[in-house]
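Here's the structure we're looking at; comments come further down.
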Amino acid sequence: MGTLDNKTAIVTGSSRGIGAEVAKILAGEGAAVVVNYRQKAPRANKVVTEIQAAGGRAAAVGADLTTDEGVHALASTAMEQFGSLDVLVLNASGGMESGMEEGYALKLNRDAQINMLNAAVPLMPEGSRVVFVTSHQAHFVETVPTMPEYEPVAKSKRAGEDALRALLPSLADKGISLVVVSGDMIEGTVTATLLDRSNPGAIEARRAEAGKLYSVEEFAAEVAKMVTADVESGHTEYVGGADYFSKSAE
């Protein structure tokens, strides 16, 4: 018996990277998983195929979370295909991609997170959990300066976290808990790649400063743990980057 048998999870931004690994872990624990992608259907379908080959249940859904249609498509797929919605992992983020409209980072990292939660909550029973994935660079942005290239994304993700935390009382009324997972820069993610491209050597410098950066697989395991961890709603789970706490206290 898995810890998530008969449960259904939505993992946003799960066609690759951290989200894909989280989806696989949750499926391995018994959850039916809705794998979300924005444009790259083949990648999402590959994740679903891997889950199914391992005996799990999953479905891929193309949805732009910055649109009402996108968030409702994700939520309704969970109910239509698997009959419930018990876990929402808010992993999708962005803002460093080229060619995006002005204000896109805030639209995705704050507004879309709230809209996705609002679409999901009416379908989630008491005891359900929401996990928001962020970075130390965003979580501590008000007290610890980050790289200039990343600052707009960091501030938009912090705004998203603050907006989600503002909903803690209403979530508590419904018996739904919210946990935040904050991690240092993660080796091999799209964000790290784009940051290193715009600021060559940035990831190597951060690795030297922190002593270690988590891999995608290692960080995904920590995110997945928080889906069932016995922690209070509003808890923040810190992964790596211990130096951030001394910096923030200065």
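Structural remarks
- Annotation: peptides 87-93, 117-123, 56-62, 231-237, ranked by per-residue average of other Cβ atoms within 10 Å with the highest first, follow the order 87-93, 56-62, 117-123, 231-237.
- Listed by chain and number, the aspartates and glutamates whose alpha-carbon sits under 16 Å from that of LYS174, ignoring those within fewer than 8 places in the same chain, are ASP86, GLU126, GLU232.
- For the chain, the spread of Cα positions along the three principal axes, ordered from largest to smallest, is 47, 39, 37 Å.
- As a calculated quantity, the FRET efficiency between ASN118 and SER233 at R0 = 22 Å, using C-beta atoms, amounts to about 0.80.
- Distance distribution note for the stretch 25-71: the fraction of Cα pairs above 17 angstrom is 34%.
- Exceeding the 25 Å Cα-Cα cut-off - candidates LYS40/LYS155; LYS7/LYS212; LYS40/LYS212; LYS107/LYS247; LYS46/LYS225: LYS40/LYS155; LYS7/LYS212; LYS40/LYS212; LYS107/LYS247
- Full extension of the chain between ALA172 and SER76 yields a length gain of 32.3 nm, computed as 0.36 nm times the residue separation minus the alpha carbon distance.
- Rg/Rg_ref, the stretch 79-222, where Rg_ref = 2.2 N^0.38 Å and atoms are Cα: 1.12
- Here the convex hull built on the C-alpha positions of the stretch 1-94 has a volume of 78 cubic angstrom per residue.
- Dipole magnitude of the chain about its Cα centre (Cβ charges: Lys, Arg +1; Asp, Glu -1), debye to nearest 20: 420
- Grouping the Cα pair distances of the stretch 156-226 into 10 Å bins from zero gives a pair-distance distribution of 17, 36, 31, 14, 3 percent in increasing distance order.
Quick note: the coordinates plus some simple rules give every number you see, no bench work behind them. Remember, predicted model here, so these are calculated numbers, not experimental data. All Cβ positions, glycine included, derive from the backbone under ideal geometry; neighbour counts span all protein chains shown.
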